[in-house]
1. Please state which one of V70, V48 is at pLDDT 85 or above, within 27 Å of Q14 (Cα to Cα), among the aliphatic types (A, V, I, L, M) and assigned by TED's automatic domain parsing to the domain that holds L20.
2. Somewhere in region 85-92, is a residue modelled with pLDDT under 75 and exposed (fewer than 11 other Cβ atoms within 10 Å of the Cβ)?
3. Looking at D100, D65, which one is surrounded by 15 or more Cβ atoms within 10 Å (Cβ to Cβ) and of a type outside the set (G, A, S)?
4. Please determine, by comparing only the residues of region 145-158 that are aliphatic (A, V, I, L, M) and surrounded by fewer than 16 Cβ atoms within 10 Å (Cβ to Cβ), which one is modelled with the highest pLDDT.
5. Pull out all pairs, ordered by first then second residue, where Cβ-Cβ is under 9 Å, the residues are six or more apart or on different chains, the first lies in region 130-151 and is of a type in the set (D, E, K, R), and the second is at pLDDT below 75.
6. Looking for something at pLDDT 85 or above, in a helix (DSSP H, G or I), closer than 27 Å to A45 by Cβ and in contact with a Lys or Arg (Cβ under 8 Å, 6 or more places away or on another chain) - is there at least one such residue anywhere in region 161-174?
7. Please go through region 11-42 and pick out each residue that is surrounded by 15 or more Cβ atoms within 10 Å (Cβ to Cβ) and of a type in the set (G, A, S).
Amino acid sequence: MALYARVSRADKDQDPENQLRKLREYAMRNQWDIYAEFHDYISGAAPVKPALEKMLREGRGRHYDAVFIVRLDRLGRSTKQLLTLLEDLDRFGVALICTDQQIDTKSPAGKLLFTVLGAVAELELDLIRERTKDGLARARAQGKRIGRAPDPEVTKELLRLQAQGLTIRQISERQGMSYQAVKQRLRRERSQRVQKRVG
């Protein structure tokens, strides 16, 4: 079995040894042999955790058949992160045992955890999509620009070429831009200049 502990780098008072000591005692009581210990000093929200990645690589090689952690949040903060990790471990034939929360993914309750986390991850994704869609609609209704502001240097070049008498089609071909993008950029620039004069 492998032991994994994680503490946040932001909290200087934390020490992974506190978690590892508890995990060693649990392994000893249940007569498990410890293959290796892994620990990270990093935020739970971090997309890459070096020691965790190393542990997963060795799990893929069948070096151990179970991972011990104290709590699920030691692996990751988001439901999606947890589900991905659980799926990886299951694919490697490795059980996840969470000592403080009494979770064992080889048990019927552990299998139920997969289903619940999968459903929650899907719900979270749907909620994010809905919030994004609502936010964009609200921004458009308020007249706010969506996306990055256009590069002023590109706009200057488009205006310069137009002043030379080139058509929008010729400008788009020369600049490697779509006809519609050039047309919208020039129209927006004209509109802004009119507004400035009126203001």
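The values are calculated or read from the model by the stated rules, or taken from the named source; none is laboratory data. In this text the structure is predicted, and so the values were computed from the model without any measurement. Cβ placement follows ideal geometry from the backbone for every residue including glycine, while neighbour counts extend to all protein chains displayed.
1. On inspection, the qualifying residue turns out to be V70.
2. no
3. The unique qualifying residue is D65.
4. Out of the qualifying residues, it is V154.
5. Listed by first residue and then by second, the contacts come to R138/K144; R140/I146; R145/A139.
6. no
7. A27
Results for (1) under 14 Å from A2 (Cβ atoms); (2) more than 23 Å from the chain's Cα centre (by Cα), shown as yes or no for each residue.
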site: K22; (1), (2): no, yes
site: A36; (1), (2): yes, yes
site: D40; (1), (2): yes, no
site: A51; (1), (2): yes, no
site: K54; (1), (2): yes, no
site: S78; (1), (2): no, no
site: E87; (1), (2): no, no
